[in-house]
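Notes follow once the structure below has been shown.
The values are calculated or read from the model by the stated rules, or taken from the named source; none is laboratory data. Please read all numbers here as calculations on a predicted model, not as lab measurements. Cβ placement follows ideal geometry from the backbone for every residue including glycine, while neighbour counts extend to all protein chains displayed.
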Amino acid sequence: MSERHYSVDLKFDIPVVVTAGVFETANPVFRNLITRRGAGRCHRLLVVVDQGVATAQPGLVAAITTYARTYADSLALVCPPVVVPGGEDVKQGLDHALQIVSLVNDYGIDRQSFIVAVGGGAVLDMVSFAAAIAHRGVRVVRVPTTTLAQGDSGIAVKNSVNLFGKKNFAGTFTPPFGVINDVKFLSMLSARDRRSGLSEAVKVAVLRDPAFFAWLEQHATSLDAGDLELLAEAVGRSATLHLEHICGSGDPFEFGSARPLDFGHWAAHKLEALTDHAIRHGEAVAVGLALDLCYSVRAGFLAQDVADRVMQVLTNLGFVLYDEGLTSRTVGGEWSLLEGLREFREHLGGDLHITLLRDIGDGFETHEMHSPLVLAAIDDLAARAGQAPAPVAVRSSGL
Ligand SMILES: NC(=O)c1ccc[n+]([C@@H]2O[C@H](COP(=O)([O-])OP(=O)(O)OC[C@H]3O[C@@H](n4cnc5c(N)ncnc54)[C@H](O)[C@@H]3O)[C@@H](O)[C@H]2O)c1
Ligand SMILES: [Zn+2]
C-alpha cells in the first residue's frame, strides 16, 4: 500500500472597486477591470441585468451597449444585455440559472469570456451559480446594486439557488473575477431595499467593530431618512469587514462548521422560507439578530441594556423586530422555528454552531440552543412589538 498527500495552494486576487456611474462612457473602471489580465485583445461579455434595476434606471441597458461600443477594441457584447426578473423568484429552482447556461452555449461563451451580473443579491447569486457550473466556471464580474449586495453578498465568494423549499440548497464557493460597487445604484432603491442591507452592517459591527457600531448608533435615524453619503459609508465599512473575514479567517470556503459571521442567520433563513420570501433577507436578519440578542440575555450571556442598545439601532434604522412567522407551526404541531434550528444543524454537517453575543465586539460560538429559551426569546420580541405571546401550554417541544 502507498499513500501520498499532494497539496495545492490557490491564491485569488479579487478587486473590489468603488465608483460612481460605472457604465458612463467617460468612466474606464469597468473596461480596466475586464482587461486587467489580458490587455490588447477583445473580451467577449454576456451581460445580465436585474429587471428592478433596469426599471429604476430606464437608460441602463442602452448605456451598457453604448459603453461596450465606446471601448470596442477591448469589449464585445455577445448579445444585447439580458434582463431577468429581480428578487428572490429568480433564484427559486433552476430555471433561470439554466437559461443563463443555455445562453453560454448559444453564444459560445468560454472560460476566457465573461458573464457580467448587474443586480441585487438574488440575481447575483443565480447568475454566479450559472457561471460556476457552465464549463466548470466562467469568469464573473459582479456589479451589485443594493445595500445588501454591495455590503455583503455581492462581494462574497458564495453563489446559490433555492431548491426543495430550502434557501441556498444548490450552490458553489467561487470567487468573482472582480466586483464594482457603484454608489449611484443606491440612490434608486426603495426605502425598503435601501434599509435591508443595513442589518448586515449592524451584525458585522457588533461582532467585529465597536467603533462602527457607535457610528451606526449615531447615524441610524439619518440612514433611515435616506442620507446617501452616510449610506455609502455604512455599505463600504460593512463590505470591508466582510471581506476581512473572508480573506483573513483561514476558511473562505467554509470547510469547517464554524460560521462566525452568521449571527442571527439560523432564524433568518427559516423565516425567509416560512414567509415564502415575502420578507427580505436583510429584514429577516434584523429579526434573527433581535431573537438571538434576547436569547443571549435569557441564557445569561449578555446584559439587557446592551441588547436593548442594539435593538434600538435596528429600530431606528426602520426595521420591524417581530414577524408572525416566528410562531408558526408545522402540520405536526412542531414550532417551525425549532425545525429551522435542526435544518441549520443539518446544513452545517451535524454539529450546531451558533454565534451569540457577550458584549459589543465580543461574539462567541455556542453548540446548543435550549428550546424553552428560544420560545421565551420569541415572547420577548412579541412583547416589545405589542403582540400577544403564543400560548405557553403547547411549549413542550425540545431539540
Ligand atoms: N452569496 C452570499 O454570500 C449571500 C449573502 C447574503 C445574502 N445573499 C442573498 O442575497 C439575496 C438578497 O439580496 P438583496 O437584498 O440585494 O435583494 P434582492 O436581490 O432580492 O433585490 C430586492 C429588490 O430590489 C430590486 N433592485 C435591485 N437593485 C435595485 C436598484 N438599484 N434600484 C431599484 N431596485 C433595485 C430587485 O429587482 C428586487 O426587486 C437573498 O437571496 C440572499 O440569500 C447571498
Ligand atoms: Zn446574510
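Taking the stated definitions as given, is ASP89 within 16 Å of ligand 2 (Cβ to nearest atom) and under 24 Å from GLU272 (Cβ atoms)?
No.
Go through the stretch 15-40 and give me each residue that's surrounded by fewer than 16 Cβ atoms within 10 Å (Cβ to Cβ), in contact (Cβ under 8 Å) with a residue 60 or more places away in the chain and either assigned to a loop (DSSP other than H, G, I, E, B) or of a type in the set (D, E, K, R) (or both).
PRO15, ALA20, GLY21, ARG36, GLY38
Which of the numbered conditions does ALA268 fail, given that it passes all the others? Conditions: (1) touching a Phe, Trp or Tyr at 6+ places or on another chain (Cβ under 9 Å); (2) aliphatic (A, V, I, L, M); (3) within 30 Å of GLU339 (Cβ to Cβ).
Unmet condition: (1).
State the number of residues belonging to the stretch 117-139 that are more than 8 Å from ligand 1 (Cβ to nearest atom) and either assigned to a loop (DSSP other than H, G, I, E, B) or buried (at least 24 other Cβ atoms within 10 Å of the Cβ) (or both).
Final tally of qualifying residues: 9.
What helices (runs of 4 or more DSSP H) lie completely within the stretch 255-339 and have 3 or more residues being under 25 Å from SER222 (Cα atoms) and small (Gly, Ala, Ser)?
281-298
So which residues in the stretch 61-94 are small (Gly, Ala, Ser), surrounded by 15 or more Cβ atoms within 10 Å (Cβ to Cβ) and more than 28 Å from the chain's Cα centre (by Cα), if there are any at all?
Matches in the stretch 61-94: ALA68, SER74.
Cβ-Cβ below 6 Å, separation at least six or inter-chain, first residue in the stretch 290-316 and farther than 12 Å from ILE360 by Cα and small (Gly, Ala, Ser), second surrounded by fewer than 18 Cβ atoms within 10 Å (Cβ to Cβ) and modelled with pLDDT of 95 or more: which pairs?
Once the first residue is farther than 12 Å from ILE360 by Cα and small (Gly, Ala, Ser) and sits in the stretch 290-316, its partners that are surrounded by fewer than 18 Cβ atoms within 10 Å (Cβ to Cβ) and modelled with pLDDT of 95 or more give ALA299/LEU373.
Has the stretch 215-232 got any residue that is away from ligand 1 (no atom under 12 Å from the Cβ), over 20 Å from ASN159 (Cα atoms), without any contact (Cβ under 8 Å) to a residue 60 or more places away in the chain and not in a helix (DSSP H, G or I)?
Checked against the condition, which is being away from ligand 1 (no atom under 12 Å from the Cβ), over 20 Å from ASN159 (Cα atoms), without any contact (Cβ under 8 Å) to a residue 60 or more places away in the chain and not in a helix (DSSP H, G or I), the stretch 215-232 yields at least one hit.
Within the stretch 281-302, is even one residue surrounded by fewer than 24 Cβ atoms within 10 Å (Cβ to Cβ), touching a strand residue (DSSP E or B) at 6+ places or on another chain (Cβ under 6 Å) and under 20 Å from ILE155 (Cβ atoms)?
Looking for residues that are surrounded by fewer than 24 Cβ atoms within 10 Å (Cβ to Cβ), touching a strand residue (DSSP E or B) at 6+ places or on another chain (Cβ under 6 Å) and under 20 Å from ILE155 (Cβ atoms), one finds none in the stretch 281-302, hence no.
Give the residues of the stretch 367-382 that are β-branched (Val, Ile, Thr) and touching a Ser or Thr at 6+ places or on another chain (Cβ under 8 Å), sorted by residue number.
Within the stretch 367-382, just ILE378 meets the criteria.
Sort out which residues of the stretch 146-158 are within 6 Å of ligand 1 (Cβ to nearest atom) and surrounded by 24 or more Cβ atoms within 10 Å (Cβ to Cβ), and write them in order of number.
THR146, LEU148, ALA149, ASP152, SER153, ALA156 - these are the residues of the stretch 146-158 that are within 6 Å of ligand 1 (Cβ to nearest atom) and surrounded by 24 or more Cβ atoms within 10 Å (Cβ to Cβ).
Taking only the stretch 140-152 into account, find how many residues are in contact (Cβ under 8 Å) with a residue 60 or more places away in the chain and either part of a helix (DSSP H, G or I) or within 16 Å of ligand 2 (Cβ to nearest atom) (or both).
5
Going residue by residue through the stretch 187-196, is there one that turns out to be polar (S, T, N, Q), free of Cβ contacts under 8 Å to residues at least 60 places away in the same chain and within 14 Å of ligand 2 (Cβ to nearest atom)?
Scanning the stretch 187-196, I find no residue that is polar (S, T, N, Q), free of Cβ contacts under 8 Å to residues at least 60 places away in the same chain and within 14 Å of ligand 2 (Cβ to nearest atom), so the answer is no.
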